[in-house]
Amino acid sequence: MSNFTPRAWKSQSGPETEHREETPVEQLPSRDVVTNNLPIARTAFIGRERDVSHVKERLSRHRLLTLVGSGGVGKTRLALQVGTELIDLYPDGVWFVD
């Protein structure tokens with residue numbers, strides 16, 4: 001048996017909860033801030049302009065797109081490149097889910 005006590009399960013409304021002031025509206029993040037978790041590319045993305053445009057075109061018509069192919073052909077890198085290029089079109093952000 002472990003001595004682990006899950007602190008996340010403790011009530012947040014008890015008397016031991018410290019008082020937190022509300023954040024003023026002017027200090028909240030604006031919608032102009034782009035939210036994402038896309039990793040920064042370490043290399044240039046060269047020679048797959050046709051693939052990028054094809055994926056962008058498909059995404060303009062469908063909410064979900066699956067890239068398939070053999071391992072190591074660059075599906076993840078292609079998806080990250082497209083996500084980076086389209087980041088301004090999604091006000092809620094672009095998120096990488098592995």
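The values are calculated or read from the model by the stated rules, or taken from the named source; none is laboratory data. Please read all numbers here as calculations on a predicted model, not as lab measurements. When we count neighbours, we look across all protein chains shown, and the Cβ atoms used for this are built from the backbone with ideal geometry, even at glycine. SASA here: full protein model, heavy atoms, side chains in, ligands and nucleic acids out. Shrake-Rupley method; radii C 1.70, N 1.55, O 1.52, S 1.80 Å.
Yes or no: segment 5-20 includes at least one residue that is out of contact with any Ser or Thr (no Cβ under 9 Å at 6 or more places or on another chain), modelled with pLDDT of 85 or more and open to solvent by less than 100 Å² (accessible area, probe 1.4 Å). Checking segment 5-20: not a single residue is out of contact with any Ser or Thr (no Cβ under 9 Å at 6 or more places or on another chain), modelled with pLDDT of 85 or more and open to solvent by less than 100 Å² (accessible area, probe 1.4 Å).
So for segment 30-37 (the condition being open to solvent by 90 Å² or more (accessible area, probe 1.4 Å) and either at pLDDT 95 or above or not in a helix (DSSP H, G or I) (or both)), does at least one residue qualify? The answer is yes, given that some residue of segment 30-37 is open to solvent by 90 Å² or more (accessible area, probe 1.4 Å) and either at pLDDT 95 or above or not in a helix (DSSP H, G or I) (or both).
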